[in-house]
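**Student:** Can you read through this structure? Questions will come right after.
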Amino acid sequence: MKPDTMTMTALDSKQDTVCIFGTGDFGRSLGLRLLHAGYNVVYGSRNPKNSALLPKGAKVMPHEEASRTARVIFVAIHRENYDFLASLSPALEGKVLVDISNNLKKHQYTESNAEYLSMLVPGALVVKAFNTISAWSLQSGGLDANRQVLICGNHVDAKQVVVDIAHSLGLNAVDRGSLRVASELEDLPLQLFPLWRLPLRISAGLLGAFFLYVLIRDVVYARVVDNKDNSFRIMVSLANKVFPMVALVMLALCYLPGIIAAFLQLYNGTKYRRFPDWLDHWMLCRKQLGLLALAFAFLHVLYTLVIPIRYFVFYKRANIYISLIKENKTYEFKEMWAWRSDAYLSTGMLGFALFVLLGITSLPSVSNSLNWREFRFIQSKLGYLALLLCTAHVFLYGWDNFLYMSAYKWCMPSSYMLSLVVPCIVLVFKTVLIMPCVDRTITRIRQGWERPGKAGMGKDAKNSQPLIL
Amino acid sequence: MKPDTMTMTALDSKQDTVCIFGTGDFGRSLGLRLLHAGYNVVYGSRNPKNSALLPKGAKVMPHEEASRTARVIFVAIHRENYDFLASLSPALEGKVLVDISNNLKKHQYTESNAEYLSMLVPGALVVKAFNTISAWSLQSGGLDANRQVLICGNHVDAKQVVVDIAHSLGLNAVDRGSLRVASELEDLPLQLFPLWRLPLRISAGLLGAFFLYVLIRDVVYARVVDNKDNSFRIMVSLANKVFPMVALVMLALCYLPGIIAAFLQLYNGTKYRRFPDWLDHWMLCRKQLGLLALAFAFLHVLYTLVIPIRYFVFYKRANIYISLIKENKTYEFKEMWAWRSDAYLSTGMLGFALFVLLGITSLPSVSNSLNWREFRFIQSKLGYLALLLCTAHVFLYGWDNFLYMSAYKWCMPSSYMLSLVVPCIVLVFKTVLIMPCVDRTITRIRQGWERPGKAGMGKDAKNSQPLIL
Amino acid sequence: MKPDTMTMTALDSKQDTVCIFGTGDFGRSLGLRLLHAGYNVVYGSRNPKNSALLPKGAKVMPHEEASRTARVIFVAIHRENYDFLASLSPALEGKVLVDISNNLKKHQYTESNAEYLSMLVPGALVVKAFNTISAWSLQSGGLDANRQVLICGNHVDAKQVVVDIAHSLGLNAVDRGSLRVASELEDLPLQLFPLWRLPLRISAGLLGAFFLYVLIRDVVYARVVDNKDNSFRIMVSLANKVFPMVALVMLALCYLPGIIAAFLQLYNGTKYRRFPDWLDHWMLCRKQLGLLALAFAFLHVLYTLVIPIRYFVFYKRANIYISLIKENKTYEFKEMWAWRSDAYLSTGMLGFALFVLLGITSLPSVSNSLNWREFRFIQSKLGYLALLLCTAHVFLYGWDNFLYMSAYKWCMPSSYMLSLVVPCIVLVFKTVLIMPCVDRTITRIRQGWERPGKAGMGKDAKNSQPLIL
């Protein structure tokens, strides 16, 4: 064979034929893209005559005939219409059937569509793939999130064929295991930030409650009692009171479930007892709580750094200078104030820097490159340090304000005091947990020890449940 | 068998032999690294005598003899010299041939080097690998980017052998599919930020144009008309006018192609019509446009926050205070100004925070963990919100300036007005698109519906083209 | 078969049986999780009677009997106790043995536990997996870092079975290659930031030394000579002197080893000569040095932006204004000062922005998406630009201070001068290296050329060593 002939053969081999059952939107989009990538495309259809909408260049045949032309068949039809495939079983024997279907809601059927398909056509090599790709993005091709084709199936060779097709279309293929994973893949496109819902609701609730509190205390009070209009302060000053409160409380809420869990284990005397569902759920969304807290902390930093640029601040400072001069005074230096201002700024900045570090290590690619000792060191040790610094930041900010009546307008304490409640609870109980005697017991329990006489895994079996997740 | 003997066997088995054809730089670097990892290395060479430059410990033999010593043979020679391998076919039967070659430019040959090699030696198991690793990094080993060995090939076992070798050398191996992907892998090392070129050029163009405009309006005008030297303002003040303009325009340019595409689809009455090439290309580099816009927004934030530290600002403020006192006035509080200043700061900060969020979700590891509904929600919904906030930020910054003549020096409007043109166009047309009647049509078209009487996919086939990417 | 029957079969097939040898903590945690995921779990034990602690629902049998019930057997026992498995060889023939063991320290044994197991039971298909998962996280399931199950083994099918189990448990499985990689996987959980140690020590050393220096020069000197108490300046002012110094020196230390390596190669006349160990180690942790430098630069930015909010600054400015007015002066505008202040702020901000860009491209997912040309362009070209900008930033900050005696209290130069030493050395030698004549030689050497008469790879072989990593 001469090189030139070889080259031709190579190009020919690219002209693989792919069959698509179904002429709906996804089938057509996929066909177009396959044609453009150099494949021959054959559609299987009940009415091969009625092919007006199919992409130019594709052939249309009855299902059985179409399935003979190709090794790979994309099943772009709804699960409800799978039944007729059983009658095609002989023609589909040994073919790679790619199930791309999705359901309308989670757990719609007892088994995944792909497993159902593989039962209908036992002789076919069923691969689940492409269901996480949208028809629209298959065409426009631009968005990154859609580049990833998740694949599962029981036959390595069959998966390899689908991986190749995905690559030909400019997509990345990720093998996720056997067909058993299919139901997980089918649930993927249905969810919209499942783990973010609770944290988002908590932050919205805190944001609303704190804002209302601050509004009443700072604006309504000034209007009613002092007859002063402070409403312009809402945009920046009030926001910059609410954001750090939400951030601090949510950061503390990240660490609270771990502490509750530890005390539960201490009380139960074993770790092999299931936590209540709410605690499980809370623990699962700690990362999301933390990231939202970081977002609010970031806003707090921005809103704070912008202070000297604000017109209101410029005005206030100007008048301080002017009145000082009019009264012929110099501005007296109080060293204690310098210490205090620098101390609360420092703790705040260091706490924020640690917080950013925690956020960075939460990035999937970074946390995957850490082993669990490293990850735990950062998220637990440094996390508590961040919480400690931020709590100190608020205490130093408040200083001795709590001693003066002016901090309790209408019996409402200053807003910053409110935000200290949860963090202080967390820090106090954490201090209890790291005391040597308690720590030793917890460590033993987490290594599998069970307190005698307490309900263990074996005894009192009626109450104990398999654990978590 | 006693454990001790077993241990010896295990260590022996590490002494696998690897053969390398070619004694060039890459061959020698690879050999050194393999030797260091505990492999026996045998070089295949035409002049086995002339082996002065080869690493100590490696053997050199004629090609045929060398190929008999090992199961794996690295082909570290140029494609132009592959021909002689055809004559070695019998000796290479069943061997794993690792093609590590690269070309000098893209699409130099009709088929990839690896596919060519597999045609020359049909009996060998050809694997494409290591071509994305540089010889220099193979030796120095430090840089992360080089840790990833992309591998493709048609034989699973052969790929596994190469994966193992990569791991032994401390590298990560990533299986990219069958040999068909080889041409893609061969193009990889040749590119330098292909998708960044257009966005970088656009940003450079905008930067230059806006800078010139601002320079003329602020510095040249002051010099010519007021005979004042403002040139010191170039470094920070002018930069801080240009950066936000570029950021805003580029953010709007991210969303413009999507709007053009929607109107094109409305006009065509179908989504199965190819977009013009320029629009395709534009859509593909939206992410890069957005990230550059974020970079400029980040600079704008830094340059803004630094304002109160600048000497010039300190000077200006000092003189305002001094003149106020000399004229025996107090600085009058204008509540409207407080609202305005706080409003434009707030919108700016919230817009920037959303912008940062968009940037974070553009990180590959983050966007891969989102499904397309989630990604779309963030990049589209939150993206438009960011654009809206940033546009509002500029409007509030400008306030009623546009009403005064002083905003039109030499008939040139204030710079901020210029930056509003593209965002306003985008927002207006987006408003049109989300009106219920238009939105319904667009949605139907994107679900595959085609307007009757318009050129569809099937009819008028001469004009329609397979779609995109 | 009717669909309903099929569904039942599918559910039944989920009821796979998994066997676990060992009833320690990990065995029990794994068993609980497997039970919860729908598996039948059978424990192999010496005392099947004594099963009080095992999870409810699991069966317990003698080892041999237990191994017959399942295809997959998790070996959750210590390596020291593996010996008895050899006697079970016939029963384990063809079974998938999952080795999950870890050692107490690195390189405890000559071969990995998994390889040892595979020698003891040659007929079994040994897979190394789950050792990077902690028992605690297997139960609580929440933390991201523990989601990744690293797997290696010589049998593709056996690995697939384990991948499936990992997925069933909600974990991600990553195939890392053949059993040869096992020792690497066994070392993983033992390490705690190995590459971060040197950089952390360097930064701690620099931080301490510079802080002491600044403390003596600014606080102690003021106390002793001027009898002034400056100690409140420690928290912010002094920190903000030390952070940028550490950041700049550490950034320069990232680039110093590359320069030393280049000069070594020039001196040796070859690149095929091993670097000294300290240089190798230094080069390997450049990324970590750079990221720590970025952290300090970030703190410097925060501490700088916070300046105008500080009480001390407010006080100082107030008194400047007051004294100006008292002396009936206006604050005179010095254009040179405006240039200087703006110039050092600009270089600082641009340098920091570039620095952040370098940090972002160091994220694993970003650097993996770059080829080595792109990565090198950013890390080398843009890195040197960042270093140049930051060095210029410090020079502009210092301005002509070095000319005045006040900059040398107690013969100690201003702190900023200290931080310039290393960066200047790096920049000067880099300038030498990019001069055409030197650059040409370096390039040739890096392409494999060796200077005649110098000790090459072949000649003088006693001194030359296989290279690096």
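**Student:** Hey, among the residues in the range C:370-416 that are among the polar types (S, T, N, Q) and within 21 Å of the chain's Cα centre (by Cα), which one's nearest to the other protein chains (Cβ to nearest Cβ)?
**Tutor:** Let us first name the residues in the range C:370-416 that are among the polar types (S, T, N, Q), namely C:371, C:379-380, C:391, C:401, C:406, C:414-415.
Pick out the ones that are also within 21 Å of the chain's Cα centre (by Cα) and you get C:371, C:379-380.
Values: C:Asn371: 5, C:Gln379: 7, C:Ser380: 9 Å.
Ranking the candidates gives C:Asn371 first.
**Student:** Which of the residues that make up the range C:435-453 are in a loop (DSSP other than H, G, I, E, B) and at pLDDT 90 or above? It would help to see each step written out before you state the result.
**Tutor:** At the first step, the residues of the range C:435-453 found to be in a loop (DSSP other than H, G, I, E, B) are C:435, C:447-453.
C:Met435, the sole residue that qualifies.
**Student:** Only one of (1) within 14 Å of chain A (Cβ to nearest Cβ); (2) crowded, with 20+ Cβ neighbours inside 10 Å; (3) within 34 Å of the chain's Cα centre (by Cα) is not met by C:Leu206, so which one is it?
**Tutor:** Among (1) within 14 Å of chain A (Cβ to nearest Cβ); (2) crowded, with 20+ Cβ neighbours inside 10 Å; (3) within 34 Å of the chain's Cα centre (by Cα), C:Leu206 violates only (1).
**Student:** List the residue pairs whose Cβ atoms are under 7 Å apart, where the first residue sits in the range A:250-264 and is farther than 9 Å from A:Trp282 by Cα, the second is among the polar types (S, T, N, Q) and surrounded by fewer than 23 Cβ atoms within 10 Å (Cβ to Cβ), and the two are 6 or more positions apart or on different chains.
**Tutor:** Once the first residue is farther than 9 Å from A:Trp282 by Cα and sits in the range A:250-264, its partners that are among the polar types (S, T, N, Q) and surrounded by fewer than 23 Cβ atoms within 10 Å (Cβ to Cβ) give A:Met250/A:Ser203.
**Student:** Considering the range C:219-228 alone, what residues qualify as being within 14 Å of another protein chain (Cβ to nearest Cβ) and open to solvent by less than 60 Å² (accessible area, probe 1.4 Å)? Show your work before the answer.
**Tutor:** Here is the first cut: in the range C:219-228, the residues within 14 Å of another protein chain (Cβ to nearest Cβ) are C:219, C:222-223, C:228.
Scanning the range C:219-228 gives C:Val219, C:Ala222.
**Student:** What do you reckon, is B:Phe314 among the hydrophobic types (A, V, I, L, M, F, W, C) and within 30 Å of A:Arg317 (Cα to Cα)? So that I can check it myself, show each step before the final result.
**Tutor:** Values: among the hydrophobic types (A, V, I, L, M, F, W, C): yes; within 30 Å of A:Arg317 (Cα to Cα): yes.
Yes; evaluated as a whole, the condition is true for this residue.
**Student:** Scan the range C:175-190 and give yes if some residue there is touching a strand residue (DSSP E or B) at 6+ places or on another chain (Cβ under 8 Å), over 28 Å from A:Trp372 (Cα atoms) and among the β-branched types (Val, Ile, Thr), otherwise no.
**Tutor:** Taking every residue of the range C:175-190 in turn, none turns out to be touching a strand residue (DSSP E or B) at 6+ places or on another chain (Cβ under 8 Å), over 28 Å from A:Trp372 (Cα atoms) and among the β-branched types (Val, Ile, Thr).
**Student:** Name every residue in the range C:159-203 that is among the charged types (D, E, K, R) and buried (at least 17 other Cβ atoms within 10 Å of the Cβ), in order of residue number.
**Tutor:** If we filter the range C:159-203 for residues that are among the charged types (D, E, K, R), which is where we start, we get C:159, C:164, C:175-176, C:180, C:184, C:186-187, C:197, C:201.
Result: C:Lys159, C:Asp164, C:Asp175, C:Arg176, C:Arg180, C:Glu184, C:Glu186, C:Asp187.
**Student:** Return only the number of the condition from (1) without any contact (Cβ under 8 Å) to a residue 60 or more places away in the chain; (2) over 18 Å from the mean Cα position of the chain (by Cα) that C:Ser367 does not satisfy.
**Tutor:** C:Ser367 satisfies all of (1) without any contact (Cβ under 8 Å) to a residue 60 or more places away in the chain; (2) over 18 Å from the mean Cα position of the chain (by Cα) except (2).
**Student:** Here is a further query. Pick out, from the range A:250-366, the helices (runs of 4 or more DSSP H) lying fully within it that include 2 or more residues that are out of contact with any Gly (no Cβ under 8 Å at 6 or more places or on another chain) and among the aliphatic types (A, V, I, L, M).
**Tutor:** Values: elements: A:277-284, A:286-305, A:311-326, A:335-361.
Counting at least 2 such residues, we get A:286-305, A:311-326, A:335-361.
**Student:** Kindly evaluate B:Arg233 against the criterion of being surrounded by fewer than 20 Cβ atoms within 10 Å (Cβ to Cβ) and in the same structural domain as B:His281 (by the TED database).
**Tutor:** Details: surrounded by fewer than 20 Cβ atoms within 10 Å (Cβ to Cβ): no; in the same structural domain as B:His281 (by the TED database): yes.
Judged against the criteria, B:Arg233 is not a match.
**Student:** Which residue is farthest from A:Leu324 (Cα to Cα), if the candidates are limited to the range C:297-343 and must be of a type in the set (Val, Ile, Thr) and more than 7 Å from chain A (Cβ to nearest Cβ)? Walk me through how you get there before you give the answer.
**Tutor:** Quick first cut of the range C:297-343, residues of a type in the set (Val, Ile, Thr) only: C:301, C:304, C:306-307, C:309, C:313, C:320, C:322, C:325, C:330.
Restricting the remaining residues to those that are more than 7 Å from chain A (Cβ to nearest Cβ) gives C:301, C:304, C:307, C:313, C:320, C:330.
Working: C:Val301: 32, C:Thr304: 27, C:Ile307: 22, C:Val313: 16, C:Ile320: 12, C:Thr330: 18 Å.
Per the stated criteria, the residue is C:Val301.
**Student:** Could you grab me the full set of residues in the range B:24-48 that are at negative phi, part of a loop (DSSP other than H, G, I, E, B) and more than 35 Å from the chain's Cα centre (by Cα)?
**Tutor:** Of all residues in the range B:24-48, those at negative phi come to B:24-37, B:39-48.
Now drop any that are not part of a loop (DSSP other than H, G, I, E, B), which leaves B:24, B:37, B:39, B:45-48.
Hits for the range B:24-48 are B:Tyr39, B:Ser45, B:Arg46, B:Asn47, B:Pro48.
**Student:** Would you confirm, using the coordinates I've provided, whether A:Asn368 is open to solvent by less than 50 Å² (accessible area, probe 1.4 Å) and in the same structural domain as A:Val428 (by the TED database)?
**Tutor:** Numbers: open to solvent by less than 50 Å² (accessible area, probe 1.4 Å): no; in the same structural domain as A:Val428 (by the TED database): yes.
Against the criterion (open to solvent by less than 50 Å² (accessible area, probe 1.4 Å) and in the same structural domain as A:Val428 (by the TED database)), A:Asn368 does not qualify.
**Student:** Being open to solvent by less than 20 Å² (accessible area, probe 1.4 Å) and at pLDDT below 90 narrows it down to one residue among B:Lys334, B:Lys271; which is it?
**Tutor:** Details: B:Lys334 fails: open to solvent by less than 20 Å² (accessible area, probe 1.4 Å).
Just one listed residue meets the conditions, B:Lys271.
**Student:** Kindly evaluate C:Gly359 against the criterion of being farther than 20 Å from C:Leu200 by Cβ and more than 9 Å from chain B (Cβ to nearest Cβ). Explain how you work it out, then say what you get.
**Tutor:** Details: farther than 20 Å from C:Leu200 by Cβ: no; more than 9 Å from chain B (Cβ to nearest Cβ): yes.
When the stated conditions are applied, C:Gly359 does not pass them.
**Student:** Could you identify the single residue in B:Gly44, B:Gly31 that is touching a helix residue (DSSP H, G or I) at 6+ places or on another chain (Cβ under 8 Å) and either open to solvent by less than 10 Å² (accessible area, probe 1.4 Å) or at pLDDT 90 or above (or both)? Walk me through it before giving the result.
**Tutor:** Details: B:Gly31 fails: touching a helix residue (DSSP H, G or I) at 6+ places or on another chain (Cβ under 8 Å).
Result: B:Gly44 is the single residue among B:Gly44, B:Gly31 that is touching a helix residue (DSSP H, G or I) at 6+ places or on another chain (Cβ under 8 Å) and either open to solvent by less than 10 Å² (accessible area, probe 1.4 Å) or at pLDDT 90 or above (or both).
**Student:** Consider A:Val428 carefully, then state whether it is in the same structural domain as A:Ile259 (by the TED database), modelled with pLDDT of 80 or more and open to solvent by less than 60 Å² (accessible area, probe 1.4 Å). Step through it out loud before you land on a result.
**Tutor:** Working: in the same structural domain as A:Ile259 (by the TED database): yes; modelled with pLDDT of 80 or more: yes; open to solvent by less than 60 Å² (accessible area, probe 1.4 Å): no.
Here the answer is no, as A:Val428 does not meet what is asked.
The values are calculated or read from the model by the stated rules, or taken from the named source; none is laboratory data. Note that this is a predicted model, so its numbers are computed, not measured. Note: ideal-geometry Cβ built from the backbone for every residue, glycine included; neighbour counts use all protein chains shown. When the accessible area is computed, the model is the full protein with side chains, heavy atoms only, and any ligands, DNA or RNA have been set aside. Shrake-Rupley method; radii C 1.70, N 1.55, O 1.52, S 1.80 Å.
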